[in-house]
Amino acid sequence: MTSARSKWIFGGTAGLVFAFLYLPLALIALYAFNKTTVNAWPFPGFSTRWFTKLWHDPEPKDAAWLSVQIAFFSTCVALALGTALAFAFARFHFFGREAVNFAVTLPIILPGVITGVALASFFLFTGTELSLRTVVIGHTTFCIVLVFNNVLARLRRLPLSYAEASRDLGATGLQTFRFVTLPSIRTALVAGALLSFALSFDEIAVTFFLAGADTTTLPLWILGAFRNSRSLPEVNAVATCILIISLPMIATAAYLMRDEGAAGRIVEK
Amino acid sequence: MDGYLGAGQRLIGGASRRALPWRASRFLYAHPRGRLALLLGPGVLWLLVFYLVALFLLLLTSLWQQDVFTAELVHRWTLSNYTKIFSGQDGLWLRVFGRTILLAAIVTVMDIALAFPLAWFMARVAPPRWRTLLFLAVVVPLWSSILVRIFAWRTILGSSGVLNSMLQEIGILSHPSSAFLYNEKAIAITWAYVWLPFMVLPIFTALEKIPDSYLEASRDLGAGSWTTFKRVIFPLAVPGVIAGSIFVFSLTMGDFVAPQLVGGGSQVLGGAIKDRFGVAADYPFGAALAMLTLLTLTVFLTITSRAGAKESL
């Protein structure tokens, strides 16, 4: 199978698919330096003025700050709920296990628009005003599974004897958790948290239905900015900044999950 | 190991205290059911209220009506939202439904075709020490704004875009063509692009697990490359293909951003639902469309999981 010829064929095809994956990204970065407001080819010329404009423009920065807050709160709640669920699955056999597993996974299998309109109907029914809080509730719902998957995978490989030894030495459950279990699942927690944070930060389908009038997250700001052709290169500048900021985060997540075997968990959304 | 010793010393100190945490912990140690309830309760309650009850309310909303004048939701039962899908507006909604399923199927097949050779290269052809790097290279695009990645296709396919300029330079086109953007083909390409990593990763994971000996055995038994692919590699990759297809099909069925940005006027289910809950403000009908999407995905999930189960026998 790995004759020299097939090696070249697969190498070439893989190269083309990678080109397909990266051409749009390259264009985004290139047009962030656009001299004009028209995203036309050939490239109109270089300028860094959109980064200068972005630096002085409060709107995208406020939106980004709001997105950071939402991602932070959603991640915190998802960490607590997802970790607890993972412990229940790793340490207990109980009735309805499959059903709970299905309910945890469902928000990530079904498209965001379903979660969004379901919660929108829910909040309409309960008369809750749409705000930052409703967005956090929506995001948490699909972030739980990310933490759950990561922590459960780690717990399955962790021998129960460590915790038992700690209990035999007289530690309380909290102390065992604090000094024995937590250090061994710490990297899985960080990886799960990074994934939740990143997914929440870029989320649009759920957010669209749950954001109040003054809850303009960064993706909602970007969606609005597309309508105004004068700010297009500025949007590209925003996207380039996001990519540059998230690169170390990807590297961290990948590094933390390297011993998990199926590195695919990094995006098993 | 230092950490363990240090922890041990602290533990001895903790045991002598008869504080509330200690008693709570002892109670939970003696009552595993209580421990389970404490671990399971909050998460299950959250998902029950904010997902399952919410889905149930979506179902109820689809069976309610909207007051024509005040646009307020009236809790009066009706099936008219569903009959409207099947007979309303000269079959417009059935066409929207058919178009969405067709696009989702095409995009899924496109992504399988693109992902398979790439995943094979990553898992079996490239030197193992490249693997992490190649893996990261597939993941990186997911971490930049999805909206901007979708919008980039306007820059590529637009009438003053990259593709048009290049085709004119080569001499294939004499003047810019508007045939590339604002149609269903543009939506399909954009979707295939944004969801591709979700197909590559599960196939890669499946292919990575195939033992070399299987391929050698196949060759020793006289099978050619094609037979080995058909009889050994593909069946073993099916779980990965199914996992990827579930993601791609489902994401495609629900997305409203790509149709809005590169799709021109062509309506799909995701966009229609979004409009009912947004500008058109017709929640009951939007809820009915969402239930239709949910039903379609349930059927799809059932079929694919059956196919997967059969393959693994």
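The values are calculated or read from the model by the stated rules, or taken from the named source; none is laboratory data. The structure presented is a predicted model; accordingly, all values stated were derived computationally and were not measured. No Cβ is skipped: glycine too gets one built from the backbone with ideal geometry, and neighbour counts run over all protein chains shown.
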Legend entry - Residue match in the range A:91-111 (condition: of a type in the set (Lys, Arg), farther than 19 Å from A:Phe201 by Cα and either surrounded by fewer than 18 Cβ atoms within 10 Å (Cβ to Cβ) or out of contact with any helix residue (DSSP H, G or I) (no Cβ under 9 Å at 6 or more places or on another chain) (or both)): yes
Legend entry - Tally, over the range A:31-48, of residues that are hydrophobic (A, V, I, L, M, F, W, C), crowded, with 17+ Cβ neighbours inside 10 Å and over 24 Å from the mean Cα position of the chain (by Cα): 3
Inset, instruction - With the condition kept exactly as written, say whether any residue in the range A:177-188 is more than 26 Å from the chain's Cα centre (by Cα) and more than 7 Å from every other protein chain (Cβ to nearest Cβ). - result: yes
Legend entry - Set B:Ser160, B:Ser144: member being polar (S, T, N, Q), within 30 Å of A:Leu218 (Cα to Cα) and out of contact with any Leu (no Cβ under 8 Å at 6 or more places or on another chain): B:Ser160
Inset, instruction - Considering every residue within the range B:173-180, establish whether at least one is within 11 Å of chain A (Cβ to nearest Cβ) and either more than 30 Å from B:Ser266 (Cβ to Cβ) or out of contact with any strand residue (DSSP E or B) (no Cβ under 9 Å at 6 or more places or on another chain) (or both). - result: yes
Inset, instruction - Check the range A:224-244 and report whether any residue there is within 14 Å of the chain's Cα centre (by Cα) and at pLDDT 80 or above. - result: yes
Inset, instruction - Could you tell me whether A:Gly170 is in contact with a Gly (Cβ under 9 Å, 6 or more places away or on another chain) and free of Cβ contacts under 8 Å to residues at least 12 places away in the same chain? - result: yes
Inset, instruction - Would you be able to tell me the number of residues in the range A:31-54 that are at the interface with chain B (Cβ under 9 Å from one of its Cβ atoms) and either in a helix (DSSP H, G or I) or not β-branched (Val, Ile, Thr) (or both)? - result: 5
Inset, instruction - Working only within the range B:162-207, note down all residues that are of a type in the set (Phe, Trp, Tyr) and part of a helix (DSSP H, G or I). - result: B:Trp191, B:Tyr193, B:Trp195, B:Phe198, B:Phe204
Inset, instruction - Test B:Leu63 against the criterion of being more than 26 Å from the chain's Cα centre (by Cα), surrounded by fewer than 20 Cβ atoms within 10 Å (Cβ to Cβ) and within 9 Å of another protein chain (Cβ to nearest Cβ), and give yes or no. - result: no
Legend entry - Criterion: over 24 Å from the mean Cα position of the chain (by Cα), of a type outside the set (Val, Ile, Thr), over 18 Å from A:Thr13 (Cα atoms) and at the interface with chain A (Cβ under 9 Å from one of its Cβ atoms) - qualifying residue of B:Leu147, B:Leu163, B:Leu157: B:Leu163
